[in-house]
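The values are calculated or read from the model by the stated rules, or taken from the named source; none is laboratory data. Keep in mind the model is a prediction, meaning the values are calculated, not measured. For neighbour counting, all protein chains shown are included, and Cβ atoms are generated from backbone atoms with ideal geometry for every residue, glycine included.
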Amino acid sequence: MTKRIPQPTRPPRERALLAAVQIHGQKQLLSLEDSLVELALLADTAGVEVVGEITQKLTRPNVETFIGPGKVEELKAVAEETLADVIIFDDELSPRHQRELEKLLGSHVRVLDRTALILDIFAQHAHTREGMLQVELAQYEYNLPRLTRAWSHLERQAGGGGGRAGSTGGVGLRGPGETQLEVDRRGIRKRIAHLKRELEKVEAHRSRYRSQRKRSRIPIVALVGYTNAGKSTLLNSLSRSDVYVADQLFATLDPTTRRVELPGNELALFTDTVGFIQKLPTTLVVAFHATLEEIAQADLLLHIVDISHPNALNQFQAVQETLQEINASHIPMVTALNKTDLLRNPESAQETIRQYPKAVAISALTGIGMQEVLHLVREELYESYSPVRVKLPYQQGALISLFRTCGA
């Protein structure tokens, strides 16, 4: 008779109540309902259980609490009824909004916003030193204006450790007349400055690496797209590699580059990058500057769109806006309409192709359309090349070598 070994029990998931506001006249890519669906997916990715939703339409946000006073009371009642541990807002709250809401809702429930939630997901998914540095910087810059108590108590800082922040050896001696809060803020600013210096070293290393790649004369194709559009799956399919793939938001944070052979025996370097999302926090764009430079320095962008998603076109537009924000909108682009295998009628993807620039319908999972993508990429990369016929003296070996190095 074998003895059964007890399995470790998982801690209960935090219970979250979602809150979304539609401001009259404010441009929004997704509807209120669709944006809440996306927020619920983000919460699930962060390991949080959604127990309810509350929405409100306003002419303008409330100065003190973002939502109206009556809605605050309703939120408090629903939070108590559902035993919610945290309330997550679908927009970025100002420090004042967050403080007032926490004061009115009580100490038993935390108030987070969309930015804090995305930062938490990034902290969980950052595995390389560069990724951890970038996430930690973004978290500190987000938390600094919201600091109301000792910063060593910030929850889930830099991936749930909290210890990395404290590893600086404390915040130092208090000067005359300084409050603990001022000492803590000074400590955080010091840590932010240190992180920026470390990331500058990373950026310098990336810059040298990019220079080496450019000297190799192999063109660079950056895969861009909304989070969970299938970029990593496509890179695996094209390069026959094993980049980490998961059916969740922001599964890939760190850039991964693979060599891919194009038709005609041409080569290209394909780089997988972090996925985009609507309302991408500014702190993340700043902190991930070195990573996003991979996109800005590419010769071609391959924009992957999840064509099976009901908001595919809106997601495409969200990525386009982010590309403008990082000064990469001038780079030539082709589009891969992915996940056609999930459509009821895969042929319907052909009807929507004209809505996207230089597009081809594919399924990275099943391999449909892979050759079409490669032909499209080769055509775009090499369309500016002019064929020339040159006669060189047999003894001019150096010239022949130069032609082979600089030409194709």
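Residues that are among the charged types (D, E, K, R) and either buried (at least 17 other Cβ atoms within 10 Å of the Cβ) or at pLDDT 95 or above (or both) within the stretch 304-361 comprise D306, K339, listed in sequence order.
So which residues in the stretch 316-356 are assigned to a helix (DSSP H, G or I), small (G, A, S) and out of contact with any Ser or Thr (no Cβ under 8 Å at 6 or more places or on another chain), if there are any at all?
Taking the stretch 316-356 as the starting set, the residues that turn out to be assigned to a helix (DSSP H, G or I) are 316-325, 340-342, 348-355.
From what's left, small (G, A, S): 318, 348-349.
Within the stretch 316-356, A318, S348 qualify.
Restricting the first member to the stretch 360-388 and to residues that are outside the structural domain of L300 (by TED's automatic domain parsing) and of a type in the set (V, I, T), and the second to residues that are in a loop (DSSP other than H, G, I, E, B) and surrounded by fewer than 14 Cβ atoms within 10 Å (Cβ to Cβ), the beta-carbon pairs closer than 9 Å and six or more apart or on different chains are V388/G407.
Okay, residues lined up against (1) more than 26 Å from the chain's Cα centre (by Cα); (2) closer than 13 Å to A19 by Cα:
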{"position": "K57", "(1), (2)": "yes, yes"}
{"position": "E64", "(1), (2)": "yes, no"}
{"position": "V86", "(1), (2)": "no, yes"}
{"position": "F89", "(1), (2)": "no, yes"}
{"position": "H108", "(1), (2)": "yes, no"}
{"position": "A116", "(1), (2)": "no, no"}
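Kindly state which helices (runs of 4 or more DSSP H) lie completely within the stretch 50-152 and contain at least 1 residues that are more than 28 Å from Q180 (Cβ to Cβ) and out of contact with any helix residue (DSSP H, G or I) (no Cβ under 9 Å at 6 or more places or on another chain). Counting at least 1 such residues, we get 69-82. For first residues located in the stretch 184-201 and more than 12 Å from N143 (Cβ to Cβ), partners that are exposed (fewer than 13 other Cβ atoms within 10 Å of the Cβ) and modelled with pLDDT of 95 or more and lie 6+ apart or on another chain with Cβ distances below 8 Å do not occur. The residues of the stretch 157-215 that are modelled with pLDDT under 55 and part of a helix (DSSP H, G or I), listed by number, are Q157, A158, G159, G160, G163, R164, A165, G166. Taking the stretch 362-371 as the range and being in a helix (DSSP H, G or I) and either at pLDDT below 85 or among the hydrophobic types (A, V, I, L, M, F, W, C) (or both) as the test, only M370 passes.
Cβ-Cβ contacts under 7 Å between residues 6 or more apart (or on different chains), taken from a first residue in the stretch 39-66 that is farther than 28 Å from F250 by Cβ to a second residue that is surrounded by fewer than 17 Cβ atoms within 10 Å (Cβ to Cβ) and among the hydrophobic types (A, V, I, L, M, F, W, C), are listed as L58/I23; R60/I23; T65/L104. Taking the listed residues L381, L392, L374, the one that is at pLDDT 80 or above and not in a helix (DSSP H, G or I) is L392, with no other qualifying.
Within the stretch 27-65, the residues that satisfy the criterion of being closer than 24 Å to A77 by Cβ and either of a type in the set (D, E) or in the same structural domain as K279 (by TED's automatic domain parsing) (or both) are E33, E49, E53, E64.
For the subset of the stretch 263-303 comprising residues that are over 19 Å from I118 (Cβ atoms) and in a helix (DSSP H, G or I), which member is modelled with the highest pLDDT? Among them, the one singled out is A296.
In the stretch 248-275, the residues that are buried (at least 19 other Cβ atoms within 10 Å of the Cβ) form Cβ pairs under 6 Å with partners that are acidic (D, E) and modelled with pLDDT under 80, at six or more places apart or across chains, as follows: P255/E294; T271/E294; T273/E294. Note on the stretch 322-356: among residues that are free of Cβ contacts under 8 Å to residues at least 12 places away in the same chain and not basic (K, R), the one that is nearest to H375 (Cα to Cα) is Q350.
Being farther than 30 Å from A40 by Cβ and among the hydroxyl-bearing types (S, T, Y) is the requirement here; does S329 meet it?
Working: farther than 30 Å from A40 by Cβ: yes; among the hydroxyl-bearing types (S, T, Y): yes.
In short, yes.
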